[in-house]
1. Suppose we filter the range 52-70 for residues that are under 12 Å from PHE25 (Cα atoms) and touching a residue at least 40 places away in the same chain (Cβ under 8 Å); how many remain?
2. Restricting attention to the range 53-89, which residues are among the aromatic types (Phe, Trp, Tyr) and at pLDDT below 90?
3. Quick one: in the range 71-91, of everything that is touching a residue at least 40 places away in the same chain (Cβ under 8 Å) and farther than 20 Å from LEU27 by Cβ, which residue is surrounded by the fewest Cβ atoms within 10 Å (Cβ to Cβ)?
Amino acid sequence: MTKGKQVVVTVASGPPAEPASSMFFYLALIAWLGGVVVSFANGNRRLPAVVLLLGLGLLALTLAGQAGYFGLAGIAFLAALIWVANKADTT
């Protein structure tokens, strides 16, 4: 009786992350992008452009695996900053 060899194929789809950390990353990403869009819709130009560029840089570093949890914290900080600025702009 002949036994065949077993082949195991592993497909990697980016850097490994814990499910909770990736959930918080996407939550911060949505809040950051939403804040930038709302700020542009309110007629602001300079602050949302700066926040957008800083966030894109952090996003690129995070997806490249260079920023680690600092990328998540940075994007969450930018999201909080832009939403506070949006709130201050409407009052």
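The values are calculated or read from the model by the stated rules, or taken from the named source; none is laboratory data. Remember, predicted model here, so these are calculated numbers, not experimental data. Positions of Cβ are backbone-derived with ideal geometry, glycine not excepted, and every protein chain shown enters the neighbour counts.
1. 2
2. We begin by selecting, within the range 53-89, every residue among the aromatic types (Phe, Trp, Tyr); these are 69-70, 77, 83.
Listed by number, the residues that qualify are TYR69, PHE70.
3. Looking at the filtered set, the residue picked out is THR90.
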